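The values are calculated or read from the model by the stated rules, or taken from the named source; none is laboratory data. Keep in mind that what you see is a predicted model, and the values were worked out from it rather than measured. Glycine also receives a Cβ, built like all others from the backbone with ideal geometry; neighbour counts cover every protein chain displayed. We work out accessible area using only protein heavy atoms, side chains counted, and drop any ligands, DNA or RNA first. Shrake-Rupley method; radii C 1.70, N 1.55, O 1.52, S 1.80 Å.
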There are 2 protein chains.
Amino acid sequence: MEQRISLVTLGVTDLETAKSFYTALGWRGQEAEETFFFQASGQAMVLWSRERLAEDCGVQDPGPVAFGGIALAHNVRSAAEVDELLEAAVRAGGRITRPAGTTFYGGYAGVFADPEGHLWEVAHNEGFPLAEDGSLTLPDFDAK
Amino acid sequence: MEQRISLVTLGVTDLETAKSFYTALGWRGQEAEETFFFQASGQAMVLWSRERLAEDCGVQDPGPVAFGGIALAHNVRSAAEVDELLEAAVRAGGRITRPAGTTFYGGYAGVFADPEGHLWEVAHNEGFPLAEDGSLTLPDFDAK
């Protein structure tokens, strides 16, 4: 298995609201058969019916829960960008689940939930450098 | 917000088992403070205590559920690779939640759950071309 994730599919109960939320944050994508696809660097982020996603995966959906066991992160280039994005997320219909502040790893970050409860940490972490295209490269921990 | 996901963090109740599972599938990473980091193309995939992840996100953890609302996908270059990876996932301690078969979108895919229940579709989808480095580019849907 190569070390990569091709798609991240977020199950949603209300596709229009989810689509509007990400569109308000600047994401642009394409729709096909009630599914919304965003190109996200070398992968795709997909919005699809939560019910159909669970069925397609062959599992039972207990319904939305406060924490589904996964968090996404969007790293940015400054603490100011963290604040800006969290504010934009609230304006777009998300909610802050952890206000921005200094983190245990020395960065500055906060967490928002999208309208479906999918969690995004927005972080400025100088230890995890971002390339110009936004890609993230882990440092060599032993070299620290 | 740029269209990219910097990190995907999988909450786990048993870090060693999760680490062994992904290591058996060929993933190599680094550990720091009971957290395991894999470079995954231009992002990182992280294994971290489910309890601490929920706490860090400011949400209550209802505990593992059959479906947390998100599915990951790993696209490969042939149907044979789909079968191989699903078999490897079972050998490593995962379980098949949807056996491999032809999909509604015309590809060939199956789904496995890792030991913590995180879902991975393994798919061969000629409609979503993979570059040599494994990165995925969505086609122009209107051009079809």
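Look at the Cα gyration tensor of the stretch B:1-60: its axes a ≥ b ≥ c give a/c of at least 1.5 with a/b at or below b/c, and that counts as oblate. In the stretch B:7-23, burial by the other protein chains removes 50 Å² or more of accessible area from B:7, compared with the chain on its own (1.4 Å probe, ligands and nucleic acids ignored).
Measuring with a 1.4 angstrom probe and ignoring ligands and nucleic acids, residue B:96 comes out at about 70 Å² accessible. If the segment from residue B:34 to residue B:102 were pulled out straight at 0.36 nm per residue, it would be longer than the present Cα-Cα gap by 20.5 nm.
Based on alpha-carbon atoms only, what is the radius of gyration of chain B relative to the globular estimate 2.2 N^0.38 Å? Walk me through the numbers before you get to the answer.
Working: Rg = 16.0 Å, N = 144, 2.2 N^0.38 = 14.5 Å.
Scaled against compact globular proteins, the figure is 1.10.
As a rough guide to protection, the peptides B:74-82, A:7-15, B:132-140 ranked by mean Cβ packing within 10 Å, highest first, stand as A:7-15, B:74-82, B:132-140.
Chains B and A together bury roughly 6400 Å² of accessible area, counting both sides, with a 1.4 Å probe on protein heavy atoms only.
Taking the DSSP bridge list for the stretch B:1-60 and keeping only pairs wholly inside it, about 60 percent are antiparallel. Normalising the average separation of contacting C-alpha pairs (under 8 angstrom, six or more residues apart) by the number of residues puts the relative contact order of chain A at 21 percent.
Solvent-accessible surface of the stretch A:1-60, averaged per residue with a 1.4 angstrom probe and all protein chains in place: 40 square angstrom.
Each Cα pair of the protein assembly as shown feeds into the Kirkwood radius, which the Stokes-Einstein equation turns, at 4 °C and 1.567 mPa s, into a diffusion coefficient of 68 µm²/s. How many percent of DSSP beta bridges within chain B run antiparallel, rounded to 5? If I count the DSSP bridges inside chain B, around 70 percent turn out antiparallel.
Using a probe of 1.4 angstrom, how much of the accessible area of the protein assembly as shown is carbon and sulfur, in percent? Show your work: numbers first, answer last.
Details: 5920 of 12320 Å².
Exposed carbon and sulfur together represent 48 percent of the surface.
Would you jot down the residues in the stretch B:104-144 that end up with at least 40 Å² less accessible area in the complete protein assembly than in the chain alone, with a 1.4 Å probe? Flagged in the stretch B:104-144: B:104, B:136, B:138, B:141.
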